[in-house]
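What follows is a short report on a single structure.
The values are calculated or read from the model by the stated rules, or taken from the named source; none is laboratory data. What you see is a predicted model; the values in this text were computed from it and never measured. Every residue, glycine as well, gets a Cβ built from its backbone with ideal geometry; the counts of neighbours run over all protein chains shown.
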Amino acid sequence: MIEDIIMYIGLGIVVVGSIVNLIGAIGIYRFRNFYLRLHAATVSTIGGVFYPLIGLALVAFSLAELGEWRFFMGGSLLVSAFLLLMLAAAGSHALARATHRASISRPVPAVADHLAEDRGG
Amino acid sequence: MRRSYIVLISLISVIFVLAYLTTYMGILGPISSDTRYLAKLFLALTYNPDTSTSLRYLTAMSPEAVTAIVWDYRGIDTFYETTVFFMAIVSALTIYRGITNIESKTQGSGLSIIVRVVTKLLIPMNIAIAVSIAVHGHLTPGGGFQAGAALAVISVLLAVVFSGYSFGKLGMGISKAVALRSMGLLGIATVTLLPLIYGIVAGVQTYLMQNYMKVDSPFTFPIYAWGQLISGTLIWLNLAEFLAVSFGFFVIFMLLSLREETVKKYLGVGDGH
Amino acid sequence: MDITLVLIAIFSLVGFIFTFLAVIEKDLPKAVVFSAIQSAAYAALFYLLRAPDIVLVYLPVSVGLYPAALFFLIGKSERVEE
């Protein structure tokens with residue numbers, strides 16, 4: 001009984017993740033400048049990969065017929081989810097910062113640019 | 001641009017035609033779905049603790065067939081590959097000769113604090129993965145070169161995230177990395193020559209890079225240590241190759257991440273003189 | 001049909017397309033990124049063809065070390081191929 005509940009929670013998280021992935025894909029297609037598109041890409045990385053990995057880990061934990069191997073599967077899924085959570089955030093931050101420093105992409109219209117003001121621009 | 005798309009599509013269609021011809025028309029002959037005889041032989045022989053038959057003289061005592069082939073059955077071949085890698089690094093060191101240590105006075109810029117913290121969290125995981133690939137090289141897929149390449153990713157991370165001058169701050173100069181790499185090569189040479197020394201001392205016939213006993217040679221490296229399977233020479237060769245490859249890559253990326261002005265100042269050429 | 005064969009076909013097609021893009025690209029950093037994507041597809045192929053030893057050495061070298069070395073060298077020379 002409790003295994004079924006955990007499994008359906010996991011599957012629900014996977015479905016939510018796929019919906020977020022679709023939203024992220026639409027965002028990459030529709031947004032206008034680089035930073036907004038990067039935001040959409042990060043939404044689909046965190047919401048579309050991190051949450052489904054957690055959900056799949058729950059599904060793996062709930063499968064009693066796998067025996068003790070379900071803990072190996074679920075544990076490796078959780079470790080990958082944790083790594084992805086750190087790496088996606090750091091990677092998108094580094095991309096955005098490098099793009100801003102090299103002034104490759106300028107958002108139009110830019111309401112405020114505190115980073116350039118801090119640098120004395 | 002239109003022309004390149006036409007080239008791409010025609011190349012892909014050629015690939016599909018070739019795949020169709022080879023798979024369904026049988027141009028290269030029938031495709032066997034059975035495991036080949038040689039593979040079956042290797043799979044049966046690489047881990048064979050059965051000492052009753054004469055087949056035990058052909059075993060490498062390692063359940064990982066690839067590592068057994070790489071370091072036991074074809075050990076001299078891998079030794080030659082390691083020598084080629086060694087020569088590549090020696091040539092890079094020859095170009096940058098005179099630069100022994102990166103000065104840590106110059107403050108490199110590096111990336112922002114967020115990326116630095118994430119990288120600091122990742123580096124211990126990377127070291128753990130690399131060491132586990134090296135130490136389990138005779139049990140699971142992996143081995144010395146794989147582990148060395150995995151550890152060498154750290155050098156790229158350090159050079160990009162913390163700037164090339166962070167090596168000096170960590171106390172990892174070029175001379176120290178070269179010394180560690182030479183230790184790895186010395187380990188490979190030692191393991192290769194140990195059967196020879198044993199043969200001279202004990203007066204029995206042995207072979208270079210011998211792992212397990214042969215028909216005419218009783219010499220055997222210790223196969224088990226503390227109840228664990230270490231497969232004789234394989235774990236030592238994997239660890240030595242791990243040191244040699246990882247610190248060889250470290251030397252290369254330390255040299256590549258130097259600024260051009262620094263290099264010119266050291267070499268005494270160009271504008272920096 | 002076996003799903004492994006379908007995946008092999010898809011990954012080899014991806015690898016081929018990105019090889020082509022890396023060859024015709026004039027902007028060298030972009031070409032290096034295309035080459036890294038091709039290498040990732042090839043790593044998946046090696047995994048599907050059951051060669052995990054090759055995957056373990058191919059992933060760090062072709063996605064990490066080789067593009068890094070090329071980026072360092074591009075930074076020391078010119079960005080766009082003439």
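From the list B:Ala179, B:Ala159, B:Ala128, which residue is within 11 Å of chain C (Cβ to nearest Cβ) and of a type in the set (A, V, I, L, M)?
B:Ala159
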Return a yes/no flag: does the range B:191-202 have any residue that is in a helix (DSSP H, G or I), touching a residue at least 60 places away in the same chain (Cβ under 8 Å) and crowded, with 17+ Cβ neighbours inside 10 Å.
-> yes
Restricting attention to the range A:94-102, does a residue exist that is of a type outside the set (Asp, Glu), part of a loop (DSSP other than H, G, I, E, B), touching a helix residue (DSSP H, G or I) at 6+ places or on another chain (Cβ under 9 Å) and at pLDDT below 90?
-> no
Of everything in the range B:8-50 that's touching a helix residue (DSSP H, G or I) at 6+ places or on another chain (Cβ under 8 Å), over 30 Å from B:Ile230 (Cβ atoms) and exposed (fewer than 12 other Cβ atoms within 10 Å of the Cβ), which residue is nearest to the other protein chains (Cβ to nearest Cβ)?
-> B:Ile31
Per the list (1) within 11 Å of another protein chain (Cβ to nearest Cβ); (2) surrounded by fewer than 18 Cβ atoms within 10 Å (Cβ to Cβ), residue check on C:Val80 breaks on (1)
Among C:Ile74, C:Ile3, C:Ile54, C:Ile10, which is farther than 19 Å from B:Ile12 by Cβ, without any contact (Cβ under 8 Å) to a residue 12 or more places away in the chain and more than 10 Å from chain B (Cβ to nearest Cβ)?
-> C:Ile3
Could you tell me which residue of the range A:63-114 is nearest to the other protein chains (Cβ to nearest Cβ), considering only residues that are among the β-branched types (Val, Ile, Thr) and out of contact with any Lys or Arg (no Cβ under 9 Å at 6 or more places or on another chain)?
-> A:Val79
Hey, among B:Ala92, B:Ala130, which residue is modelled with pLDDT of 90 or more and out of contact with any Pro (no Cβ under 6 Å at 6 or more places or on another chain)?
-> B:Ala130
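Filter the range B:249-269 down to residues that are polar (S, T, N, Q), facing another protein chain (nearest Cβ under 10 Å) and surrounded by fewer than 18 Cβ atoms within 10 Å (Cβ to Cβ), then give me how many there are.
Total meeting the criteria: 0.
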So which of B:Ala60, B:Ala68 ends up being under 30 Å from B:Ile223 (Cα atoms), away from chain C (no Cβ under 14 Å) and in contact with a His (Cβ under 9 Å, 6 or more places away or on another chain)?
-> B:Ala60
Which one of these does B:Gly168 not meet: (1) buried (at least 17 other Cβ atoms within 10 Å of the Cβ); (2) touching a residue at least 40 places away in the same chain (Cβ under 8 Å); (3) within 13 Å of chain C (Cβ to nearest Cβ)?
-> (3)
In this structure, is C:Tyr58 surrounded by 19 or more Cβ atoms within 10 Å (Cβ to Cβ) and closer than 23 Å to B:Leu18 by Cα?
-> no
For the subset of the range B:12-48 comprising residues that are of a type in the set (Gly, Ala, Ser) and closer than 24 Å to B:Glu64 by Cβ, which member is farthest from the chain's Cα centre (by Cα)?
-> B:Ala44
Taking B:Val135 as the residue in question, decide whether it is surrounded by fewer than 21 Cβ atoms within 10 Å (Cβ to Cβ) and touching a residue at least 60 places away in the same chain (Cβ under 8 Å).
-> yes
Any chance you could count how many residues in the range C:35-51 are within 13 Å of chain B (Cβ to nearest Cβ) and of a type in the set (Phe, Trp, Tyr)?
-> 2
Qualifying residues in the range C:32-51 (those that are touching a residue at least 40 places away in the same chain (Cβ under 8 Å) and part of a helix (DSSP H, G or I)) - the one farthest from B:Ile15 (Cα to Cα) | C:Val32
Filtered residues of the range B:204-220 (kept if in contact (Cβ under 8 Å) with a residue 24 or more places away in the chain, under 22 Å from B:Ser52 (Cβ atoms) and assigned to a loop (DSSP other than H, G, I, E, B)) | B:Asn211, B:Tyr212, B:Met213, B:Val215, B:Phe219
Look at A:Thr45 and say whether it is among the polar types (S, T, N, Q), away from chain B (no Cβ under 14 Å), assigned to a helix (DSSP H, G or I) and surrounded by 15 or more Cβ atoms within 10 Å (Cβ to Cβ).
-> yes
